[in-house]
Amino acid sequence: MAPGKRVVLGILILTAALRANHLGDHLSSGLNEPESVVGESDMRAFSVWAARIADGDLLSVDTYHPYPSWMADIAPLETFERWWGGREIFHQTPLYAYLLAISYWLTGGKLLLLAVQVLCSTLSVYLIYRIGSRIADEKAGLLAAALAAVYAPSVFLDTMLLRASLTASLTVVSIWLLMRVRDTGRVGTALGTGMVLGAGFLMRPVGL
């Protein structure tokens, strides 16, 4: 194995190990369910929404809208529903809630989704290496990947029920695929890129 590839492999192992260790610490701590403790948070909103989907409301007919105290101070819930355009309008883009619902349905908890976030983050570090190597050179790619591997906010957010982790991963994958489309011009690559961009929009539009 070439020296550069060994370094990349070491960085990826470090990436996965840091996140897996933090995930284990998080799940074994007394604060392993912040979504249950912090009622007025996106974590709580996604967990409640996903639980309803997993319980059988597959199309979110009983559309969930959080109504925290700061909203109650502004206007009644009915007023917010009118501003949104109707109670049936999703409060946020739905992809993350459905992914969490799949985790609830398959495993009875959030571990599956958090493991996916860790895996996607590790893949992102590899793609950062490839992008950096392409834009500049291999040393730049290795440095960028090493920095991404130990970037503390990423290690933290990869283990939380928040869209930030998968949004970042989808953004990196989108950049890499757009570069591939430019290089190859292949229809299949363009189609795959469009699907990833669409998933990114359904995850969090401003992430793109």
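Listed values, structure above:
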| read-out | value |
| --- | --- |
| Accessible-area composition of segment 86-208, carbon plus sulfur, in percent [1.4 Å probe] | 72 |
| Residue among 27, 157, 100 with the largest mean-square fluctuation in a Gaussian network model of the chain, springs linking Cα atoms under 10 Å | 27 |
| Neighbour count of at most 16 Cβ within 10 Å plus DSSP loop: longest trypsin sites (Lys or Arg not before Pro)-free window in the chain | 88-185 |
| Candidates 62, 73, 25: whichever shows maximal mean-square fluctuation once the chain is modelled as a Gaussian network with Cα springs under 10 Å | 73 |
| Most fluctuating residue given options 150, 37, 48, as computed from a GNM of the chain linking Cα atoms under 10 Å | 37 |
| Helix 111-135 axis, angle to the chain major axis (alpha carbon atoms, nearest 10°) | 40 |
| Among 79, 41, 127 the positive-end extreme of the charge dipole of the chain (Cβ point charges) | 127 |
| Alpha-carbon centroid distance for the pair segment 116-184 / segment 1-71, whole angstrom | 18 |
| Over the chain, relative contact order from alpha-carbon pairs under 8 Å, at least 6 apart, % | 23 |
| In order through segment 18-33: 3J(HN,Hα) via Karplus (6.51 cos²θ - 1.76 cosθ + 1.60), integer Hz, x for Gly, Pro | 4, 6, 5, 5, 5, 4, x, 4, 5, 5, 8, 8, x, 10, 7, 10 |
| Calculated [θ] (222 nm, deg cm²/dmol) that DSSP helices of n ≥ 4 give over the chain, each run adding -39,500 (n - 2.57) | -23000 deg cm²/dmol |
| HN-Hα J in Hz across segment 175-183 - Karplus 6.51, -1.76, 1.60, θ = phi - 60°, x for Gly and Pro | 4, 4, 5, 4, 5, 5, 4, 4, 6 |
| Probe 1.4 Å, accessible area per residue of segment 1-143, Å² | 57 |
| In order through segment 87-102: 3J(HN,Hα) via Karplus (6.51 cos²θ - 1.76 cosθ + 1.60), integer Hz, x for Gly, Pro | 5, 6, 5, 4, 5, 9, 4, x, 4, 5, 4, 6, 5, 5, 4, 4 |
| Cα gyration tensor, segment 53-208 - rounded (a/c under 1.5), prolate or oblate | prolate |
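The values are calculated or read from the model by the stated rules, or taken from the named source; none is laboratory data. Please read these numbers as outputs of a predicted model, since none were measured by experiment. FYI the Cβ positions are ideal-geometry reconstructions off the backbone, even for glycines, and counts take in every protein chain you see. SASA here: full protein model, heavy atoms, side chains in, ligands and nucleic acids out. Shrake-Rupley method; radii C 1.70, N 1.55, O 1.52, S 1.80 Å.
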